[in-house]
Amino acid sequence: MTEPGTSLYYPDYLQLDRLLDCQHLVSAEKGAVAHDEMLFIITHQAYELWFKQILWELEAVCTLFRQEAVAEKHVGQAVSHLIRIVEIQRVLIQQIDVLETMTPLDFLDFRDYLIPASGFQSLQFRLVENKLGIRREQRVGFDEMPYETRFTEPDRAHLRASEQQPSLFDLVDDWLGRTPFLQFGDFDFWVAYRAAVDAMLAKDRLLIEQNPTFTSGKRSNQLRMLDDTEVQFDALFDVAKYEAFREEGAFRLSHQALQAALLINLYRDEPILHLPFRLLSLLMDMDENFTKWRYRHALMALRMIGRKIGTGGSSGHDYLRQTAEQHRVFNDLFSLSTFFIPRSALPDLPPKVRQAMGFQFSDSSS
Ligand code: HEM
């Protein structure tokens, strides 16, 4: 039996004396306690704790993907980390409801004391963005200064160092680029897929040309849209065209990686592709949840401060709304659906290929 006083004690383990002594109201210092400032501080602190956990999980995923060959079980582990992040994000989005119990007038009781501090200076939030793969050049600016200008020098150094590390986007791009393609003997998947796409597009063209309900204006509009789709499909099959699109910023993944991601989506029912498909879906969930949080936060800011500028000096709601549109990482995974064709039109995989993609169990004792 452990001696009393030497066993682990709950408040000590969690260092609650330190944690619960970190809520100092600036309004109290100024002489009139603003009741809701406590909620404001605790909400931000809860966010920062969750950001810490997200960084911890993201680093675990990056470590798994830094290996030259990512084993199947490591993809499974990465999936578990991402599931956790997505669940945390749900809490982060919902938590805004709690802060919105504070009214704009309650906020005004202490808001001016906060200037020039702002969530813009959340180091952990910026580290999450950098670890995911937000690039410096895609950031929405508001004072023509680099985003790290508003941080202290040690924090700036930390941020710059984080940009030098391969991001999760880079690591996933490399991993996808290494995925073997379906070229088994004389079966070339891309030749078969192109034939299936051409047949589908030719059918679509015929349907537009022969639809008796279309006016000539509507018909030429539809044909123009079909031409655009064909141009996009050309890029899928032609590296040079793809690279030209990529240069313009229409795609970010390498050509090989985009093809691999497409293949994983199209044949996700094959056992070997289940986990990679889960992983890609979770990357999209995570990206989407950050965007949802950004929109929710932008709306909360509008509700709290209207069209006023933020305490950090941005245009407030407008700046935040723009970041929701621009600060996204895995856009290409969303755009992939452009290249999907119905299951019924997909080329059949030869039995040899199908077998290579299945999991075989053989009982060696019998
Ligand atoms: C009364 C509640 C809040 C209001 C009115 C508000 C408003 C704003 C505004 C206007 C900005 C833009 C920068 C600026 O000019 O200051 C901003 C940025 C930010 N805020 Fe809040 N905020 C609130 C609560 C929160 C909470 C609870 C968090 C949680 C950590 C948070 C995290 C952030 C982050 C991370 C940014 C940077 C976003 C980016 O640059 O993409 N904010 N906030």
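So in segment 15-33, with the set limited to residues that are open to solvent by less than 100 Å² (accessible area, probe 1.4 Å) and within 36 Å of the chain's Cα centre (by Cα), which one is nearest to Asp112 (Cα to Cα)?
Of the residues in segment 15-33, the ones open to solvent by less than 100 Å² (accessible area, probe 1.4 Å) are 15-16, 19, 21-23, 25-28, 31-32.
Those left that are additionally within 36 Å of the chain's Cα centre (by Cα): 15-16, 19, 21-23, 25-26.
Working: Gln15: 32, Leu16: 30, Leu19: 26, Asp21: 23, Cys22: 21, Gln23: 18, Leu25: 13, Val26: 10 Å.
So, considering only residues that are open to solvent by less than 100 Å² (accessible area, probe 1.4 Å) and within 36 Å of the chain's Cα centre (by Cα), the one nearest to Asp112 (Cα to Cα) is Val26.
Exactly one condition in (1) in a helix (DSSP H, G or I); (2) open to solvent by less than 20 Å² (accessible area, probe 1.4 Å); (3) closer than 27 Å to Arg328 by Cα is not met by Ala196; state its number. Of everything listed in (1) in a helix (DSSP H, G or I); (2) open to solvent by less than 20 Å² (accessible area, probe 1.4 Å); (3) closer than 27 Å to Arg328 by Cα, Ala196 misses just condition (3). Criterion applied to Asp12, Asp106, Asp36 was being open to solvent by 80 Å² or more (accessible area, probe 1.4 Å) and not β-branched (Val, Ile, Thr), and the one residue passing it is Asp12. Residues of segment 279-299 that are more than 14 Å from the ligand (Cβ to nearest atom) and in contact with a His (Cβ under 8 Å, 6 or more places away or on another chain): none at all.
All conditions in (1) part of a helix (DSSP H, G or I); (2) away from the ligand (no atom under 12 Å from the Cβ) hold for Val70, with the sole exception of (1).
Considering segment 219-267, and only residues there that are over 23 Å from Leu283 (Cα atoms) and of a type in the set (Gly, Ala, Ser), the residue that is surrounded by the fewest Cβ atoms within 10 Å (Cβ to Cβ) turns out to be Ala240. Has segment 138-159 got at least one residue that is touching a Ser or Thr at 6+ places or on another chain (Cβ under 7 Å) and of a type in the set (A, V, I, L, M)? Looking through segment 138-159, at least one residue is touching a Ser or Thr at 6+ places or on another chain (Cβ under 7 Å) and of a type in the set (A, V, I, L, M).
Residues that are near the ligand (Cβ under 9 Å from one of its atoms) and farther than 18 Å from Leu302 by Cα were ranked within segment 87-116; the one that is nearest to the chain's Cα centre (by Cα) is Leu92. If you check Phe142, Phe169, Phe181 for being more than 21 Å from the chain's Cα centre (by Cα), more than 16 Å from the ligand (Cβ to nearest atom) and either at pLDDT 95 or above or aromatic (Phe, Trp, Tyr) (or both), only one passes: Phe181. Among all residues of segment 54-63, there is none that is open to solvent by 80 Å² or more (accessible area, probe 1.4 Å), part of a loop (DSSP other than H, G, I, E, B) and free of Cβ contacts under 8 Å to residues at least 12 places away in the same chain. Any residue in segment 71-78 that is open to solvent by less than 70 Å² (accessible area, probe 1.4 Å) and within 23 Å of Met300 (Cα to Cα)? No, that holds for no residue.
Listed by first and then second residue, the pairs with beta-carbon distance under 6 Å, at least 6 apart or on different chains, first residue in segment 327-353 and free of Cβ contacts under 8 Å to residues at least 60 places away in the same chain and within 21 Å of Tyr242 (Cβ to Cβ), second among the hydrophobic types (A, V, I, L, M, F, W, C) and crowded, with 18+ Cβ neighbours inside 10 Å, form an empty list.
Answer yes or no as to whether Ala157 is surrounded by fewer than 17 Cβ atoms within 10 Å (Cβ to Cβ), among the hydrophobic types (A, V, I, L, M, F, W, C) and within 23 Å of Phe290 (Cβ to Cβ).
Here the answer is no, as Ala157 does not meet what is asked.
Does any residue of segment 327-341 turn out to be in a loop (DSSP other than H, G, I, E, B) and more than 23 Å from the chain's Cα centre (by Cα)? Yes; the residues of segment 327-341 include at least one that is in a loop (DSSP other than H, G, I, E, B) and more than 23 Å from the chain's Cα centre (by Cα). May I ask you to verify whether Met286 is open to solvent by less than 50 Å² (accessible area, probe 1.4 Å), at negative phi and either more than 24 Å from the chain's Cα centre (by Cα) or charged (D, E, K, R) (or both)? So Met286 does not fit the description; no. Scanning segment 96-148 for residues that are assigned to a loop (DSSP other than H, G, I, E, B) and basic (Lys, Arg), we see that the one that is farthest from Thr323 (Cα to Cα) is Arg135. Selection of segment 310-326 for residues being without any contact (Cβ under 8 Å) to a residue 40 or more places away in the chain, within 6 Å of the ligand (Cβ to nearest atom) and either open to solvent by 20 Å² or more (accessible area, probe 1.4 Å) or in a helix (DSSP H, G or I) (or both) yields only Leu320. Lys131 satisfies every condition listed in (1) at pLDDT 95 or above; (2) at positive phi; (3) of a type in the set (D, E, K, R) except (2). Every listed requirement among (1) in contact with a Ser or Thr (Cβ under 9 Å, 6 or more places away or on another chain); (2) over 14 Å from Leu132 (Cβ atoms); (3) more than 12 Å from the ligand (Cβ to nearest atom); (4) of a type in the set (A, V, I, L, M) is met by Ile341 save one, (1). Selection of segment 79-95 for residues being open to solvent by less than 20 Å² (accessible area, probe 1.4 Å) and either aliphatic (A, V, I, L, M) or assigned to a loop (DSSP other than H, G, I, E, B) (or both) yields Val79, Leu82, Ile85, Val86, Ile88, Leu92.
The values are calculated or read from the model by the stated rules, or taken from the named source; none is laboratory data. Since the structure is predicted, the reported quantities are computational estimates derived from the model, not experimental observations. Cβ sites come from the backbone with ideal geometry, for glycine too, and all protein chains shown count toward neighbours. The area values use the complete protein model at the heavy-atom level, side chains included, leaving out ligands, DNA and RNA. Shrake-Rupley method; radii C 1.70, N 1.55, O 1.52, S 1.80 Å.
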